Amino acid sequence: MSAKGKVHHPLFARFYKRFAAAAMAKGEDAYRRRMLGGVSGRVIEVGAGHGLNFPFYPAAVTEVLAVEPESILRQGAEQAAAAAPVPVHVIDGLADQLPAETESFDVGVASLVLCSVDDQRAALAELHRVIRPGGELRFYEHVLAQTSRFARRQHRVDPIWTRFAGGCHIDRDTAAGIEAAGFEIEEIDRFLFSTSMLDKLASPQMLGRARRA
């Protein structure tokens, strides 16, 4: 974070683009595709990165507002938007201050971003605000392990991990956060996924959908 309201992680952004390419090659693309299956209408994607989700949006999506605060990743998202199968508009913005009207979207998308927002509670509250009643939240995140031994290791390492990973945390109970924000989880799949020994502690992941009542 370089200034209040601005996100600037140039070294991490460049590393993340390389790491993400390796993850996609090892099967992460299938999880992203599953996350977006059946999505339709107006969509807001929070922390869109450099646009890895864009190729997987179904034709029933009428518009994607892609919010990304990191400038290098946002430039990549703008390039990816030009080749997307649906209309994608990329903008600068923060998850806890979404530049969008209340109840104006059918679906919210959060993938591998709720780990790194400064205030997860505020980010989820903003998603709840901008998604219409009855709308969906689609999520794909790495999370706190369900086994106590693994979770203790994540807690111990997290202060070091987050310093070198652009603010990412490996020990957040994001499913509980989603429910606390007022969403009802309708489907959730938990699994392990990693690309190497370097990211084993981030291998507990979840994918699913929740609905705003």
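Computed quantities for the displayed model
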read-out	value
Share, in percent, of DSSP beta bridges within segment 10-212 that are antiparallel, nearest 5	45 percent
Sites Glu101 and Arg156 - FRET efficiency at Förster radius 41 Å, r taken between beta-carbons, to 0.05	0.45
Counted charge near Leu198, where neighbours are those whose Cβ lies closer than 14 Å (Asp, Glu -1; Lys, Arg +1)	+2
Structure-derived semi-axes √(5λ) of the Cα gyration tensor in Å - corresponding label in (1) 24, 20, 17; (2) 35, 18, 14; (3) 30, 19, 17	(1)
Dipole of the chain, positive end: most advanced residue of Gly27, Ile188, Asn53 [Cβ charges, Cα centre]	Gly27
Per-peptide average of other Cβ atoms within 10 Å, ordering 170-178, 194-202 highest first	170-178, 194-202
Within-11-Å neighbourhood charge of Ala210 [Cβ basis; K, R +1; D, E -1]	-1
Computed magnitude of the charge dipole of segment 10-212 (debye, nearest 20; Cβ of K, R +1, Cβ of D, E -1)	800 debye
Residue-averaged [θ]222 nm for the chain, counting only DSSP H segments that reach four residues, each worth -39500 (n - 2.57)	-10000 deg cm²/dmol
Using θ = phi - 60° and Karplus 6.51 cos²θ - 1.76 cosθ + 1.60, couplings along segment 71-81 (whole Hz; Gly, Pro as x)	5, 5, 5, 5, 4, x, 5, 5, 5, 5, 4
Share antiparallel - DSSP beta bridges, segment 100-213, percent rounded to 5	75 percent
Taking segment 88-213 and dividing mean pair separation by its residue count, relative contact order in percent (alpha carbons under 8 Å, at least six apart)	28 percent
Charge tally in the Cβ shell below 15 Å around Arg42, where Lys, Arg are +1 and Asp, Glu are -1, Arg42 excluded	-2
Shape of segment 72-185, Cα gyration tensor, a/c cut at 1.5	oblate
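Quick note: the coordinates plus some simple rules give every number you see, no bench work behind them. Just so we're clear, the structure is a prediction, and the values are computed from it rather than from any experiment. Note: ideal-geometry Cβ built from the backbone for every residue, glycine included; neighbour counts use all protein chains shown.
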